[in-house]
1. Around residue A:85, under 13 Å between beta carbons, what's the net of Lys plus Arg minus Asp minus Glu among the other residues?
2. Loop only per DSSP, at most 11 neighbouring Cβ atoms within 10 Å: give me the GluC sites (Glu not before Pro) in the stretch A:108-192, ordered by residue number.
3. Going Cα to Cα from residue A:132, which lysines come in below 20 Å? Please leave out same-chain ones fewer than 8 positions away.
4. Using just the Cα positions, wrap the stretch A:83-192 in a convex hull and report its mean projected area in square nanometres, one decimal place.
5. Would you mind telling me which residue in A:13, A:26, A:161 has the biggest mean-square fluctuation in a Gaussian network model of chain A, where springs connect alpha carbons within a distance under 10 angstrom?
6. Could you tell me which chymotrypsin sites (Phe, Trp or Tyr not before Pro) in the stretch A:40-117 are loop residues by DSSP with no more than 11 other beta carbons within 10 angstrom of their beta carbon?
7. Could you work out how much longer the chain between residue A:35 and residue A:128 gets when fully extended? Use 0.36 nm per residue separation minus the Cα distance between them, nm to one decimal.
8. With r as the distance between the Cβ atoms of residue A:189 and residue A:18 and R0 = 45 Å, compute the FRET efficiency 1/(1 + (r/R0)^6) and round to 0.05.
Amino acid sequence: MMIDTQASRTLNAIGLLVICIVLVAAFAMQFFLNELPCPLCLLQRVGLVAVGYGLCLNLINGPKPHNYGIMLIGAIFGGSVSIRQILLHIVPGTGAYGSPVWGLHYYTWAGLCFFFIILGTAVMLLFEGQFKTPRAASAGKFGGNRLAIFAFAMMVLLSAANSVSTLIECGPTVCADPPKTYKLIDELKKAD
Amino acid sequence: MNALLFLLLTLAMLAAWRDKMLWSYSIFAVTMALGIYWFKFHATTPLTVHL
């Protein structure tokens, strides 16, 4: 089966939207269940956004092997953090962090996500046809693909939103472990 | 400090969008280096568990 540049862009856009959904779900847990993300949880979100960065490059300039390499770097970073957190809580008596979702904790879900990202990236790299499409067919940013433009905008917005929410939660210095309140809001209240 | 990582990745995406690829890749590399530093910092914090 051949995948040309445009089909690859669409698949990358769908992948990016899935990552956006995961980040939105993380925000939903944070705000509706009032479960503040711990420092390792935030680093897992960084891993997801780093994968999103690689996908964005594929959307903007067309698919290239090194963009998939960037995705793998992001996924291995995030996966390492989630495995570290899983191992922290695998020891009896250490409890868990956050509520379980369908029996698994957030960091376990994150570990699974990164595993599937690595698998998906490897599968995409099998289709060399996406890298051989004549330049004219993929001319211009996003190749005129509206889904790609929408996915890119969502990713940029979510990354910026994570920056703001993390600044409010942790302040400009080291994040509390585990975080109990929004540090910047507390400091502003104290200043009043 | 974690907020900086998200900010840098946002800037890397915007730089790529504006065709500043060297800036984009450089910012991404700096973000990953900072990320690994923070991972080591948080991963080596002593645990407060009582077994």
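A short reminder: the numbers here are calculations on the coordinates, not readings from a lab. Model, not experiment: these values are computed from the prediction. When we count neighbours, we look across all protein chains shown, and the Cβ atoms used for this are built from the backbone with ideal geometry, even at glycine.
1. +1
2. Numbers: sites: A:128, A:169, A:187; in loops: A:128.
Sparse-neighbourhood loop GluC sites (Glu not before Pro): A:128.
3. Those lysines meeting the cut-off are A:64, A:141.
4. The orientation-averaged projected area of the Cα hull of the stretch A:83-192 comes to 11.8 nm².
5. A:161
6. Numbers: sites: A:53, A:68, A:77, A:97, A:102, A:106, A:107, A:109, A:114, A:115, A:116; in loops: A:97, A:102.
Passing both the DSSP loop test and the Cβ count: A:102.
7. Result for the pair: 29.2 nm of gain on full extension.
8. Approximately 0.75, to the nearest 0.05.
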